[in-house]
Amino acid sequence: MCHEKQLGEKECRCRAAVAQAYDGMRRSGAPEMVALDVASRVYRHYHPEKCPAQSRLEVELWVLEKTIH
């Protein structure tokens, strides 16, 4: 479902939507776990082939990566 584009390496277009969902939830005062749940649901909209655990792990890695940079 998710379309990928070449930028030296593949970058999933859903990543911006996932980040927007997570960031928006956190800005509105939602607990981190709730924000991760919402972002994981957005991810699964684009990647229905992924199981919930895989989706959650991918989202958590993206969030962690963002906080490190």
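The values are calculated or read from the model by the stated rules, or taken from the named source; none is laboratory data. These numbers come from a predicted model, not from an experiment. Using ideal geometry, Cβ is built from the backbone for each residue, glycine included, and neighbour counts are taken over all protein chains shown.
Considering the conditions (1) in contact with an Asp or Glu (Cβ under 9 Å, 6 or more places away or on another chain); (2) in a helix (DSSP H, G or I); (3) of a type in the set (D, E, K, R); (4) at pLDDT below 95, ARG26 is excluded by exactly one of them, (4). Taking the stretch 29-55 as the range and being at pLDDT 95 or above and basic (Lys, Arg) as the test, the residues that pass are ARG41, ARG44.
Under the condition of being without any contact (Cβ under 8 Å) to a residue 40 or more places away in the chain and of a type in the set (Ser, Thr, Tyr), which residue from the stretch 30-57 is surrounded by the most Cβ atoms within 10 Å (Cβ to Cβ)? Selected residue: TYR43.
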